[in-house]
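Let me begin by presenting the structure, written as structure tokens, before commenting on it.
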Amino acid sequence: MVLERGRGSHVWDADENEYIDFMMSFGALIQGHAHPKLVEVVSQAIAEGSHFAAATSAEVEAAEHFRHMVPSAEVVRFANTGSEATMLALRLARAHTGRTKFLKFEGHYHGWYDPYLLNGHSHPPEQLGPPENPRKIPDSEGIPPATFRDVVLAPWNDMATLERIMREHGRELAALITEPIMANMGCIPPREGYLQRVRELTREHGVLLILDEVVTGFRYAPGGCQQYYGILPDISTFGKALGAGFPIGAVAGPRSILDRMRWGDNMVLHYGTFNGHRLTMKVVAANLDLLSQDGNAAYRKLHAIGDSAIAGLRDIFRRRKIKAVVQGFGPMFQIYFTERDAIHDYRDYCKYADTARYSRFVHSLLERGIYMTPSNGLHWIISTAHTEADVAALLQAADQSCAELA
Ligand code: PMP
């Protein structure tokens with residue numbers, strides 16, 4: 001598809017076909033397309049000079065808003081993408097702890113930096129190895145195998161196995177990195193108490209907890225999932241919704257860790273011509289201001305619209321007698337065609353999610369004016385621009401597509 005323009009929750013392709021957009025630029029467009037306030041802010045800012053690669057009041061304003069919303073953000077540092085943020089987070093953790101190895105989970109995606117590119121794609125279950133020692137499967141060619149020697153791989157949402165792996169490797173890990181809600185195998189929420197226990201376990205072993213909130217940040221709550229689930233990470237990373245469609249990444253944490261980037265001996269390096277880009281900073285400040293208005297009304301709306309779409313879809317699958325689960329809550333969810341009651345982790349996804357059926361379903365929705373990616377590994381996104389009318393249109397289309405599917 002070639003998309004030409006968007007407004008609010010709608011997009012138009014090159015042939016002038018109109019769709020309701022539930023993909024929202026992989027979640028970047030928290031305010032939908034061409035939000036009038038953001039258009040105004042950018043139009044004015046670009047006439048004044050887009051970027052100076054120097055400190056600007058826009059960056060300070062963006063950082064103040066950020067710190068106000070995110071509980072763990074004593075300091076925030078801006079980059080241009082989520083990948084840059086997770087890259088920096090790992091370097092900070094290694095410098096801070098003096099350790100090199102880190103733990104990542106199967107099925108989690110943290111950007112395209114070499115050491116993160118393990119087991120981020122779906123594979124046949126028989127290739128995965130035992131859960132307590134998963135087989136490392138690179139997601140890309142061109143990465144020196146030695147890179148992965150520093151990576152300890154673990155299954156997610158399985159506390160007993162993680163405890164065993166941490167007993168064996170905990171003392172050599174600089175960091176454990178996790179998404180709070182698994183968002184790159186669809187949408188898989190943590191089991192009750194899981195994140196809290198991960199927090200305790202990392203503390204017990206002197207391992208820094210990097211919470212990758214690139215997808216969940218500024219989406220589930222003003223302070224992201226760390227606020228929603230009440231956990232305090234050592235370092236957290238952000239992107240996507242923070243920039244409302246502009247390229248952004250951010251690393252947040254305490255001064256004791258982030259001050260390692262201060263100029264001088266033994267510093268942690270973070271360069272980048274476009275870091276703190278003035279246009280982006282203007283958008284970030286305006287976006288966070290919009291999200292905080294009226295006592296965080298935006299979040300009540302994101303959750304209400306999302307929950308209504310989820311409930312409606314569940315109802316349709318039930319009525320049409322189609323074996324499917326809708327996972328997630330509020331602003332983000334995914335549909336899995338499966339005989340199971342739930343998809344709890346990467347291995348469930350590899351074994352039980354009928355991704356081909358999902359793809360057919362989405363293509364059928366596309367013909368009915370609903371824009372979504374056919375990849376089951378992504379997720380449906382609600383923005384502040386979505387309305388109950390959009391949900392009604394989605395449900396009507398889904399009902400017809402289900403009839404076709406059945
Ligand atoms: N972390 C997570 C959890 C992500 O989902 C993504 C992108 N999908 C990234 C990091 C990387 O962000 P970006 O694409 O902006 O580099």
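Grab the chain and count how many Lys pairs have their alpha-carbon atoms under 23 Å apart, sequence gap of 8 or more, or different chains.
Pairs that pass both the separation and distance tests number 12.
Of the heavy-atom accessible surface of region 38-288 (probe 1.4 angstrom), what whole percent is carbon and sulfur? Mind showing how you got there, number by number?
Details: 5250 of 10180 Å².
Carbon and sulfur together cover 52 percent of it.
Note the full-extension length gain between A342 and S122 as 0.36 nm times their separation in residues minus their Cα-Cα distance, in nm to one decimal.
77.5 nm
Calculated FRET efficiency, S57 and Q196, Cβ-Cβ r, R0 35 Å, to nearest 0.05?
Values: r = 39 Å, r/R0 = 1.11.
Efficiency at R0 = 35 Å is approximately 0.35.
Mind ordering 160-168, 74-82 by average Cβ neighbours within 10 Å, highest first?
On the way: 160-168: 16.2, 74-82: 21.8.
Answer by packing, highest mean first, reads 74-82, 160-168.
Between region 361-406 and region 1-65, how many Å separate their Cα centres?
23
Long-range amide H contacts for R219: which residues qualify at under 5 Å (H placed 1.01 Å from N, peptide plane, sequence gap of 5 or more or a different chain)?
Sorted by chain and number, the residues that satisfy this are G224.
So which residue, out of D212, D114, D15, gets the largest mean-square fluctuation from a GNM of the chain using Cα contacts under 10 Å as springs?
Ranking D212, D114, D15 by mean-square fluctuation puts D15 first.
In a Gaussian network model over the chain where Cα atoms closer than 10 Å are linked, find which of A183, A28, A47 has the largest mean-square fluctuation.
The residue with the greatest mean-square fluctuation here is A47.
Scan around V268 for amide H atoms under 5 Å from its own, H built in the peptide plane at 1.01 Å from N, and keep only partners 5 or more places away or cross-chain.
Residues meeting the criterion, in which the H sits 1.01 Å from N, are M261, R262.
How would you classify region 89-227 from its alpha-carbon gyration tensor, with a ≥ b ≥ c the square roots of the eigenvalues: rounded for a/c under 1.5, else prolate if a/b is greater than b/c, otherwise oblate?
Judged from the Cα gyration tensor, region 89-227 comes out rounded (a/c under 1.5).
What list of ³J(HN,Hα) values in whole Hz, one per residue of region 11-25 in order, does the Karplus curve 6.51 cos²θ - 1.76 cosθ + 1.60 (θ = phi - 60°) give from phi, with Gly and Pro shown as x?
Per residue, the Karplus-derived 3J(HN,Hα) values read 10, 10, 8, 5, 9, 6, 6, 9, 9, 8, 8, 10, 9, 6, 6 Hz.
Would you look at the GNM of the chain, springs on alpha carbons closer than 10 Å, and say which of S57, S83, S25 moves the most?
Maximum among the listed residues: S57.
Between N133 and N296, with labels modelled 7 Å along Cα→Cβ, what's the label distance in nm to one decimal, could you check?
Distance between the two pseudo-spin positions: 4.5 nm.
In Å², what does the accessible area per residue of region 38-288 work out to with a 1.4 Å probe?
On the way: 10180 Å² over 251 residues.
Ligands and nucleic acids excluded, the figure is 41 Å² per residue.
By Kyte-Doolittle mean hydropathy of at least -1.0 and Cα axial length of at least 20 Å, which whole DSSP H helices of the chain are selected?
On the way: long enough: 82-97 (23 Å, 0.14); 278-319 (51 Å, -0.02); 388-405 (25 Å, 0.39).
Long hydrophobic helices here: 82-97, 278-319, 388-405.
Quick query: amide H of A79 versus all other amide H atoms, modeled in the peptide plane; which residues come in under 5 Å with a sequence gap of 5 or more or a different chain?
G249, A250, V251, G276
The values are calculated or read from the model by the stated rules, or taken from the named source; none is laboratory data. Given the structure is predicted, the values throughout are model-derived calculations rather than measurements. Quick reminder, even Gly has a Cβ in these numbers, built from the backbone with ideal geometry, and neighbours come from all protein chains shown. When the accessible area is computed, the model is the full protein with side chains, heavy atoms only, and any ligands, DNA or RNA have been set aside. Shrake-Rupley method; radii C 1.70, N 1.55, O 1.52, S 1.80 Å.
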